[in-house]
1. With the checklist (1) more than 22 Å from the chain's Cα centre (by Cα); (2) within 7 Å of chain B (Cβ to nearest Cβ); (3) at pLDDT below 90 in hand, flag the one item residue A:106 doesn't pass.
2. I want to confirm something. Restricting to segment B:172-190 and keeping residues that are assigned to a helix (DSSP H, G or I) and more than 9 Å from chain A (Cβ to nearest Cβ), which single residue is least open to solvent (accessible area, probe 1.4 Å)?
3. Sort out which residues of segment A:186-200 are more than 24 Å from residue C:103 (Cβ to Cβ) and open to solvent by 30 Å² or more (accessible area, probe 1.4 Å), and write them in order of number.
4. Residues of segment C:223-271 being assigned to a loop (DSSP other than H, G, I, E, B), modelled with pLDDT of 80 or more and on the phi < 0 side of the Ramachandran plot, which ones?
5. Only one residue in B:234, B:226, B:199 is more than 8 Å from chain A (Cβ to nearest Cβ), outside any helix (DSSP H, G or I) and either farther than 24 Å from residue A:218 by Cβ or at pLDDT 90 or above (or both). Which one?
6. Considering only segment A:105-117, I want to know if a residue exists there that is without any contact (Cβ under 8 Å) to a residue 60 or more places away in the chain, out of contact with any strand residue (DSSP E or B) (no Cβ under 9 Å at 6 or more places or on another chain) and over 30 Å from residue B:238 (Cβ atoms).
7. Could you say which residue among B:105, B:142 is more than 10 Å from chain A (Cβ to nearest Cβ) and crowded, with 16+ Cβ neighbours inside 10 Å?
8. In segment A:111-126, what residues are open to solvent by 10 Å² or more (accessible area, probe 1.4 Å) and not in a helix (DSSP H, G or I)?
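The values are calculated or read from the model by the stated rules, or taken from the named source; none is laboratory data. Fair warning: this is a prediction, and the values are worked out from it, not measured in the lab. Neighbour counts are summed over all protein chains in view; Cβ atoms, including those assigned to glycine, are modelled from backbone coordinates with ideal geometry. Note: accessible area is taken over every heavy atom of the protein model, side chains too, but ligands, DNA and RNA are not part of it. Shrake-Rupley method; radii C 1.70, N 1.55, O 1.52, S 1.80 Å.
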Amino acid sequence: MTTTGIRRANSEPGWLRYLLLTLALGFLFFFLALPLLAVFVEALAAGWPAYRDALSDPEARSAIGLTLLVALCVLPGNILFGIAAAWAIAKFDFRGKSLLITLIDLPFAVSPVVVGLVFLLIFGAQGIFGPWLAAHEIKIVFALPAIIIVTMFITFPFVARELIPLMQAQGKDEEEAAISLGASGWQMFRRVTLPNIKWGLLYGVILANARAMGEFGAVSVVSGHIRGETNTLPLHVEILYNEYNAVGAFAAASVLALLALVTLAAKSIVEWRIRRETQMLATSLTPERP
Amino acid sequence: MPSTRSHPARVLPGFSLSLGCALVYLSLLVLLPLSGLGFKASHLSFYEFWEMATGERALASYRITFGASLLAALINAVFGLIVAWVLVRYSFPGKRLIDALVDLPFALPTAVAGITLATLYSSNGWIGRYAESFGVKVAFTPLGIVVALTFIGLPFVVRTLQPVIEDIEPEVEEAAASLGASRLQTFVRVVFPGLFPALLTGFTLAFSRSIGEYGSVIFIAGNMPLISEITPLLIISKLEQYDVVGATALAVVMLLISFALLLAVNTLQWWAANRHHGNTRPSTGGKP
Amino acid sequence: MSIEIRSLGKRFGNFVALQDINLDIPGGELVALLGPSGCGKTTLLRIIAGMESADTGQVLFAGEEATHLHARERNVGFVFQHYALFRHMSVFENVAFGLRVKARKLRPVESEIRRRVDALLKLVQLDWLADRYPSQLSGGQRQRIALARALAVEPKVLLLDEPFGALDTKVRKELRRWLRRLHDEMHISSVFVTHDQEEALEVADRVVVMNHGRIEQIGSPDEVYSNPASPFVYQFLGNVNVFHSRLHGAWADVERSVPERATSSEAMAFVRPHDIEIEHRPVSGSLQATVQEVHAIGPLVRVELAHGSELIEVELTRDRAAALTLAKGQQVWLKPRQIKVFAAPSGSLEEGGSGI
């Protein structure tokens with residue numbers, strides 16, 4: 001960082017560099033590092049035993065279990081949709097392609113609360129299918145199915161959005177080569193496409209998983225907050241916090257914060273892999289001497 | 001003997017299957033439910049709808065939601081530009097760690113962010129304590145909403161700007177410098193215009209996310225009607241009072257705003273990608 | 001195996017990519033599809049491979065209808081312009097791919113796969129690279145692996161899309177001689193696409209010159225070079241001077257005796273720079289010109305001359321140039337050794353001067 005000799009044409013004067021660096025790091029410190037630190041400090045404010053007790057509470061355990069279950073139910077569908085949408089969009093030309101891409105982005109733009117409300121209007125007691133569902137004693141709203149459905153809505157773009165640009169960049173040459181060498185559609189997908197997109201796929205799954213486990217607004221509308229039954233971990237955090245049980249709330253929050261940290265770490269590793277693969281792609285297209 | 005026929009199967013397999021799967025999934029999960037909202041709202045006369053969507057509490061909630069979102073997005077535009085610039089251009093210890101940390105607001109559940117920020121900025125919190133000694137009250141005021149939304153929107157501007165800053169060719173800045181431009185002139189006239197579309201896109205993304213945000217705001221906002229009540233919270237409280245129709249009216253307004261912002265983001269990105277393409281066509285005509 | 005193409009047509013939206021293409025490729029020949037970019041040559045190759053479908057017309061393999069056959073069933077070896085090697089597979093696995101994806105009852109046993117892949121890697125002289133990955137290879141090596149991979153399934157036809165396009169000049173030259181030798185050993189019908197006339201003339205048994213989605217000429221390299229069928233072919237294959245009858249009456253009249261051309265008031269004469277003789281005094285049918293520049297380029301001497309406002313290019317051997325002792329501004333007389341006259345098309349060719 002020290003400037004030796006003459007300053008390069010595309011760098012700022014020293015004082016400005018330090019000012020910018022201080023502003024950037026200060027901003028990140030106050031808005032990212034401090035909150036992250038606070039979660040763990042607050043969680044451990046009453047010491048280890050209290051922390052352990054808060055997490056071994058049956059309601060906390062059931063919330064963790066429910067959160068894992070929801071993620072497990074939501075991800076397979078999203079992976080399937082992501083691959084299907086990316087395959088159609090990246091490898092073929094058709095009318096309405098950009099409209100489809102826009103629609104995939106829709107869940108990012110809609111408020112989670114509105115998402116929850118939408119499903120309440122469909123499946124709720126006064127909803128469109130409400131009377132029919134009640135007559136057949138099928139419970140969707142304020143039960144597990146609604147939690148899964150809203151989480152699917154919220155998280156479905158993640159995989160597709162990672163895969164579309166990746167598959168577009170890879171082009172269709174390799175797949176065409178596989179077909180011309182006699183591969184069937186499935187063989188082409190399993191041996192050529194899937195290995196090429198596996199890191200992008202994983203990246204999308206990591207992001208979708210983080211969101212699925214952490215979703216609050218939409219789930220809050222449709223879950224009904226039934227303790228031990230329809231309380232996911234984020235809802236559990238809210239309830240404890242509102243009961244002024246700070247240690248319990250932050251203990252549960254610390255589990256989610258750990259999940260976030262694992263997500264960030266996994267994301268960085270996968271990003272590094274993707275970067276390497278794209279570099280391989282770039283070098284495989286540039287001519288060189290033997 | 002020319003053979004005229006419909007197109008044969010495309011070389012790569014699975015077009016109908018994959019597009020079909022995607023459309024079915026999208027329709028069942030997104031389009032049908034959203035049209036359900038429209039269906040429900042269509043039971044209202046326009047007058048009723050207007051009445052509910054523009055009640056005093058609703059209007060106040062729009063003002064707070066938009067005002068705080070706009071302010072937070074502006075803060076993020078300024079600091080996001082600085083952070084992105086520093087992360088791309090400068091090297092300092094721990095840079096990779098900090099770079100990874102920028103995505104924390106994407107990864108951290110909003111409820112966790114909400115209770116943490118509320119604790120930090122409350123009158124005996126780590127930050128709130130000092131802020132209050134200067135007479136600034138953050139938690140349980142509209143200012144608290146701005147803080148929460150700044151946290152939520154932080155990655156958008158940084159992440160949209162980073163690749164664009166990386167792509168700036170150093171030659172361009174060197175050329176500007178060699179033509180006698182000062183560093184400030186180079187930035188203002190050469191670098192910034194190139195970054196502007198991405199900055200605007202990041203700003204709009206952060207803004208659009210903030211409008212709908214719920215989890216991180218409710219803990220720090222205080223949620224006083226007319227003062228610090230955001231629209232998503234108003235929807236929830238209407239639901240809790242079994243006023244489904246009122247909630248629907250507000251939801252329709254929010255949904256329309258979401259569509260408008262989505263359209264804006266797409267237009268911005270299209271503009272950013274194409275704005276310099278119109279005039280690069282070689283103008284030397286004449287010769288065939 | 002022979003390939004026949006019958007009145008093939010293809011459009012992309014409003015763009016006519018191919019129009020009424022008829023082409024017979026006898027078994028065992030090495031054929032070049034030559035033309036500028038956008039002339040439809042790659043589209044034609046991809047239709048033969050089954051990667052693209054034609055709107056009209058037929059493709060026949062060994063006399064049998066293959067138009068509707070899926071790419072998978074055509075038994076065609078295709079070498080992609082950018083090689084399209086499977087980047088997560090080793091070189092060995094890349095070459096083995098076509099054998100491994102065969103239906104179980106047709107699939108060779110592992111030891112046989114191994115033997116055949118090793119043999120192919122030896123054939124392309126890269127057996128020492130079997131464990132590498134595509135990203136670790138140079139362009140020329142990738143090209144040869146792509147070829148080995150295409151040959152592994154024992155295709156009846158080998159199709160190559162701009163096989164040397166992404167390589168630098170030196171590697172290109174080595175590789176195209178190597179491809180020629182390989183073809184002579186294997187004797188498999190091969191078609192390759194190129195925009196480089198030198199490449200087409202050097203490597204191919206026959207050259208198909210294409211422009212604007214049509215075939216301009218089919219012939220041996222010598223035929224298309226020395227006896228071009230159209231002004232386009234003349235200009236595309238090597239340098240050429242173009243003369244217009246109204247400007248260069250003397251020269252354009254050279255073949256006026258040919259009846260059909262005599263009726264055309266606007267004729268164009270094409271003369272290659274090395275087919276012009278420079279004389280110090282007028283001879284019959286010669287054109288007066290002024291020497292503008294004299295450049296020695298390797299074994300040749302290039303002389304630029306002006307006739308009125310037109311520029312004429314002449315190439316001489318060093319010996320001949322030495323004998324002539326040309327100086328700037330000197331008046332000389334030009335006489336063509338070989339000249340070809342075409343009726344002037346309505347403005348589709350650039351006027352005057354030399355072509356490519």
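1. The failed condition is (1).
2. Kept after step one, since they are assigned to a helix (DSSP H, G or I), are these residues of segment B:172-190: B:172-178, B:183-190.
So of that shortlist, the ones also more than 9 Å from chain A (Cβ to nearest Cβ) come out as B:184-185, B:188-190.
Working: B:184: 126, B:185: 86, B:188: 83, B:189: 178, B:190: 55 Å².
Out of the qualifying residues, it is B:190.
3. A:198, A:199
4. Of segment C:223-271, the ones assigned to a loop (DSSP other than H, G, I, E, B) are C:227-230, C:237-240, C:245-248, C:253-258, C:263-266.
Applying the additional criterion that residues be modelled with pLDDT of 80 or more yields C:227-230, C:237-240.
Answer for segment C:223-271, where residues must be assigned to a loop (DSSP other than H, G, I, E, B), modelled with pLDDT of 80 or more and on the phi < 0 side of the Ramachandran plot: C:227, C:228, C:229, C:230, C:237, C:239, C:240.
5. Values: B:234 fails: outside any helix (DSSP H, G or I); B:199 fails: outside any helix (DSSP H, G or I).
After applying the criteria, what remains is B:226.
6. Filtering segment A:105-117 down to residues without any contact (Cβ under 8 Å) to a residue 60 or more places away in the chain leaves A:105-110, A:114.
Filter once more, keeping what is out of contact with any strand residue (DSSP E or B) (no Cβ under 9 Å at 6 or more places or on another chain): A:105-110, A:114.
Then keep just the ones that are over 30 Å from residue B:238 (Cβ atoms); that gives none.
No, because not a single residue in segment A:105-117 is without any contact (Cβ under 8 Å) to a residue 60 or more places away in the chain, out of contact with any strand residue (DSSP E or B) (no Cβ under 9 Å at 6 or more places or on another chain) and over 30 Å from residue B:238 (Cβ atoms).
7. Values: B:105 fails: more than 10 Å from chain A (Cβ to nearest Cβ).
So the residue among B:105, B:142 that is more than 10 Å from chain A (Cβ to nearest Cβ) and crowded, with 16+ Cβ neighbours inside 10 Å is B:142.
8. A:125, A:126
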